[in-house]
Amino acid sequence: MKTPHVKLISWSESNLDLLRKINAPEMMEHLGGSETEEQLLKRHQRYLEIGDKGSGRMYSIILLPDNETVGSIGYWDSKWKEESIYEIGWSVLPSYQGRGIATSAVIEAVGNAIMEKKHKYIHAFPSIHNPASNAVCEKLGFQLISDCEFEYPPGNFMQCNDWRLGLDV
């Protein structure tokens with residue numbers, strides 16, 4: 001299968017609609033469920049500010065050549081087992097899933113994280129019940145460290161896989 005071409009565009013005010021689509025129950029089943037409108041607006045604000053704070057990046061995923069907005073991806077500073085890392089996460093809208101878009105977007109985002117030369121590793125923590133996201137990690141050479149209990153969103157604990165990729169910093 002040919003890998004789709006995507007570009008990542010820095011998160012902007014215009015992405016609130018995308019965030020509302022991502023907040024659909026079927027999109028949030030592995031992430032503790034849909035958020036309230038107030039929670040969603042706070043998350044949107046965090047996404048807008050993350051790049052300015054120098055603590056990561058959030059992007060919308062644009063499918064080329066038609067310039068369709070098909071999802072989101074980002075990485076941010078985090079602490080994991082006493083180590084400073086980037087954490088990465090992504091969402092692709094249901095009608096675009098299964099086409100390799102997440103894989104292409106992760107490749108782009110990891111490339112951007114490497115250029116920042118900030119952390120040695122980037123980790124992904126997909127639910128053990130999310131085969132698609134786990135497959136992306138495996139396909140891209142992330143190392144499966146272990147399964148773990150992970151808190152997301154705050155107050156919601158879930159079983160995840162800890163996938164790690166070296167950033168050659």
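List of remarks:
- Taking 0.36 nm per residue of separation and subtracting the current Cα-Cα distance, fully stretching the chain between residue 46 and residue 116 would add 23.2 nm.
- Count of lysine pairs in region 6-166 with Cα separation under 17 Å (8 or more residues apart, or interchain): 9
- Projected label distance in nm at residue 77 and residue 5, using a 7 Å step from Cα toward the beta-carbon: 3.6 nm
- Kyte-Doolittle mean at least 1.0 and Cα axial length at least 15 Å: DSSP H helices in the chain: 101-116
- Within the chain, longest stretch clear of exposed GluC sites (Glu not before Pro) (DSSP loop, no more than 15 other Cβ within 10 Å): 83-169
- With the convex hull drawn over the C-alpha atoms of region 62-121, the volume per residue is 90 Å³.
- Label-point separation in nm, residue 26 to residue 159, each point 7 Å along Cα→Cβ: 2.6 nm
- Radius of gyration (Cα atoms) of region 44-96, expressed as a multiple of 2.2 N^0.38 Å: 1.33.
- Annotation for residue 68 and residue 148: the two label points, set 7 Å from Cα along the Cα-Cβ direction, are 3.5 nm apart.
- Taking every C-alpha pair closer than 8 Å and separated by at least 6 residues, the mean separation divided by the residue count of the chain gives a relative contact order of 21 percent.
- Average 1/r across all pairs of distinct alpha carbons in region 6-166, invert it, and you get the Kirkwood radius: 15.9 Å.
- Residues of region 49-67 with amide N under 20 Å of a point placed 7 Å along Cα→Cβ from residue 16: 49-52, 58-61
- Ranked from largest, the principal axis spans of the Cα set of region 85-167 equal 33, 30, 21 Å.
- Backbone N under 20 Å from the residue 84 label point (7 Å along Cα→Cβ), restricted to region 96-138: 110-124
Bear in mind that the values in this text are calculations on the coordinates, not laboratory data. Please read these numbers as outputs of a predicted model, since none were measured by experiment. All Cβ positions, glycine included, derive from the backbone under ideal geometry; neighbour counts span all protein chains shown.
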